[in-house]
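Quick notes on the structure that follows.
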Amino acid sequence: RSTHAGEKRFKCETCPKRFTAPSDLRRHMSTHTDEKPFSCPECTRNFTEKGSLLKHMMIHTGEKPYNCSKCGMNFTQKGNLHKHMRAHTGEKSFSCPECTRNFTDKANLNKHMRIHTGEKPYNCSNCGMNFTQKGSLHKHMRRIHSGEIPHSCSECGMNFADSSSQLRHSRTHTNEKPHACSVCNKAFSLLHNMKRHMKIHDNDRR
């Protein structure tokens with residue numbers, strides 16, 4: 001019988017998924033067999049698809065082909081650029097069902113939800129303290145248990161436990177303001193200050 005373009009004739013025997021081409025079916029089948037034939041030559045990671053390997057390789061090559069037209073930041077993956085663009089547009093399409101807060105991506109919403117659920121899945125093996133976020137546990141380990149303060153300001157010598165704090169501080173010396181308002185072009189050194197400023201325009205639109 002005749003077939004139509006786009007018809008999904010090739011069915012997976014393990015799950016209900018169907019595909020238009022046998023090559024797509026074969027690639028999909030590797031998710032069931034756990035077969036990962038594409039190996040990274042730089043490290044030990046393996047992948048089910050060649051496309052996933054190529055994306056991963058950008059970590060080693062430093063290639064960042066996706067550029068933000070607003071601030072010039074570059075990204076290895078298109079999806080990360082799209083997430084970043086929401087910082088400029090102010091788009092927050094992920095809403096908390098418990099309160100009025102909205103988020104730019106699902107990962108940040110999930111982190112926020114732990115405030116309501118009380119979930120603290122990250123445990124300190126030294127003192128037993130629990131944390132809602134992995135980053136908070138890492139900061140705790142450095143500040144309290146290791147005494148490590150690895151990030152130093154080259155201008156004044158101040159030390160910081162994490163790179164983000166050191167970067168925020170360094171902008172007091174350079175006056176760098178990389179976060180610009182997409183409505184009026186006012187620039188800010190910190191992203192959260194720019195987001196707070198954007199609410200002025202939200203109120204003006206109402």
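The values are calculated or read from the model by the stated rules, or taken from the named source; none is laboratory data. Everything numeric here is computed off the predicted structure, so don't read it as measured data. Heads up, the Cβs are rebuilt from the backbone with ideal geometry, glycines too, and the neighbour counts pull from every protein chain shown.
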Being farther than 22 Å from Lys199 by Cβ and in contact with a Phe, Trp or Tyr (Cβ under 8 Å, 6 or more places away or on another chain) is the filter; apply it to segment 71-105 and report the residue that is surrounded by the fewest Cβ atoms within 10 Å (Cβ to Cβ). Lys78
Does at least one position in segment 43-63 carry a residue that is assigned to a loop (DSSP other than H, G, I, E, B) and closer than 20 Å to Ser189 by Cα? no
Name the single residue that is modelled with the lowest pLDDT among those in segment 122-159 being within 26 Å of the chain's Cα centre (by Cα) and among the hydroxyl-bearing types (Ser, Thr, Tyr). Ser152
Hey, does segment 27-38 have a residue that's at pLDDT 85 or above, within 28 Å of the chain's Cα centre (by Cα) and more than 28 Å from His112 (Cβ to Cβ)? yes
Only one of Glu91, Glu119 is assigned to a loop (DSSP other than H, G, I, E, B) and at pLDDT 85 or above, namely Glu119
